[in-house]
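These notes are about the structure you will find just below.
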Amino acid sequence: MRFGYRTQWVGFEGAPRTGFASINGFIGKPKRNGVSHGIGVMLEADNTEPFSKTHFNLAYAFHFKMNREMRGSLGLFAGFTQYRMDLSTILVEDASDPILAPGSSSNLLVPELSPGFWMYNKRFYLGASVKHITGRKASDIGNARLLPHFNLTTGYSIPMSKTTSFIPSVLVKYVRAAPVAADLNAMIDFDQRLAIGLGYRNGDAVVALMKFNFLNFFTVGYAYDMTTSPVRVASSNSHEIILGITACPVNSRGGFVPCAAYD
């Protein structure tokens, strides 16, 4: 299970706030040929005044062996997203904008379909996914269209000693008509108990990172963003915290399926 909350640009009026909860696990036991099946549920709520949205997704993943050390997985999120707009808080120059006219839609429900691929071993992971793959047109909001969002991530755990590892990672996000976004992170893990590091999000922030495993089945992660973009004039920081609960002890390297992204 994972629970998370992020408050961005603290002190900025109408600043983004995001919370999520997810749970996932196996269906039955992994087979001798390495094939296994996973299912999950994820709920996410995001609010950036005057807009807010709620995601609800069911997940399925098919895991398989790629070679003796490497495993792969094909997965799918399927569900819906509800978009809401509080028209009463919007101030505009052109009050005749038909999108903001009385009686116009301020609530939109959109089906979601998001496929993904994941490959991993005890030290390496590589993943790719697409959100809004259908590119659905939101006809109730003018000519708005939900563009596909592409995500690519990879990381590697490099042993420094018997109990210490260096873990660089990167997340790249792309959507048409917007700059490419990249998160570059580097962490040092001490005996799978404590990990600290730094990150950089291009054009946005420098990030201090921390993760702590405790009581065998619990993990807490915290990120503190130091804003570098022009938004720093009104707000200088963001906070994010995540709590993870596992069915297998954290120091067992992920139970059935070792995964460098979560160890």
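Some values worked out for this structure:
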{"quantity": "Unit charges on C-beta of K, R, D, E only; dipole of the chain, Debye", "calculated": "1480"}
{"quantity": "Carbon/sulfur fraction of accessible area - the chain, other protein chains in place, 1.4 Å, %", "calculated": "65"}
{"quantity": "Where labels lie 7 Å past Cα in the beta-carbon direction, separation of Leu109 and Met160 in nm", "calculated": "5.1"}
{"quantity": "For the chain: Kirkwood Rh in Å [reciprocal of mean 1/r, alpha carbons]", "calculated": "20.5"}
{"quantity": "Solvent-accessible area of Lys131 with every protein chain in place, 1.4 Å probe, in Å² to the nearest 10", "calculated": "100"}
{"quantity": "Within straight-line cross-link reach of Lys162, lysines at Cα separation under 16 Å, skipping those fewer than 8 residues along the same chain", "calculated": "Lys122"}
{"quantity": "Fully extended contour minus Cα-Cα distance, from Met226 to Ala182, at 0.36 nm per residue", "calculated": "14.3 nm"}
{"quantity": "Accessible-area ranking of Glu44, Glu93, Glu112, largest first, probe 1.4 Å", "calculated": "Glu93, Glu44, Glu112"}
{"quantity": "Point-to-point label distance, Asn33-Val170, nm (Cα→Cβ direction, 7 Å offset)", "calculated": "3.6"}
{"quantity": "Extended-chain gain in nm, criterion 0.36 nm per residue less alpha-carbon gap, Phe150 and Phe190", "calculated": "11.1 nm"}
{"quantity": "The chain, accessible area per residue, ligands and nucleic acids excluded (1.4 Å, Å²)", "calculated": "59"}
{"quantity": "Candidate aspartates and glutamates for bridging to Lys173, where Cα separation is under 12 Å - those fewer than 8 sequence places away on the same chain excluded", "calculated": "Asp183"}
{"quantity": "Label point 7 Å beyond Cα of Met1 along Cβ direction - residues of segment 202-218 with amide nitrogen under 19 Å", "calculated": "212-218"}
{"quantity": "Estimated inter-spin distance, Asp86 and Lys65, nm [label 7 Å along Cα→Cβ]", "calculated": "5.5"}
{"quantity": "Ser96-Thr134 FRET efficiency (beta carbon distance; Förster radius 35 Å; 0.05 resolution)", "calculated": "0.65"}
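The values are calculated or read from the model by the stated rules, or taken from the named source; none is laboratory data. Keep in mind it's a predicted model, so treat the numbers as computed, not measured. Because the Cβ atoms are built from the backbone with ideal geometry, glycine has one as well, and the counts that use them run over all protein chains shown. All accessible areas refer to the heavy atoms of the entire protein, side chains included, with ligands and DNA or RNA removed. Shrake-Rupley method; radii C 1.70, N 1.55, O 1.52, S 1.80 Å.
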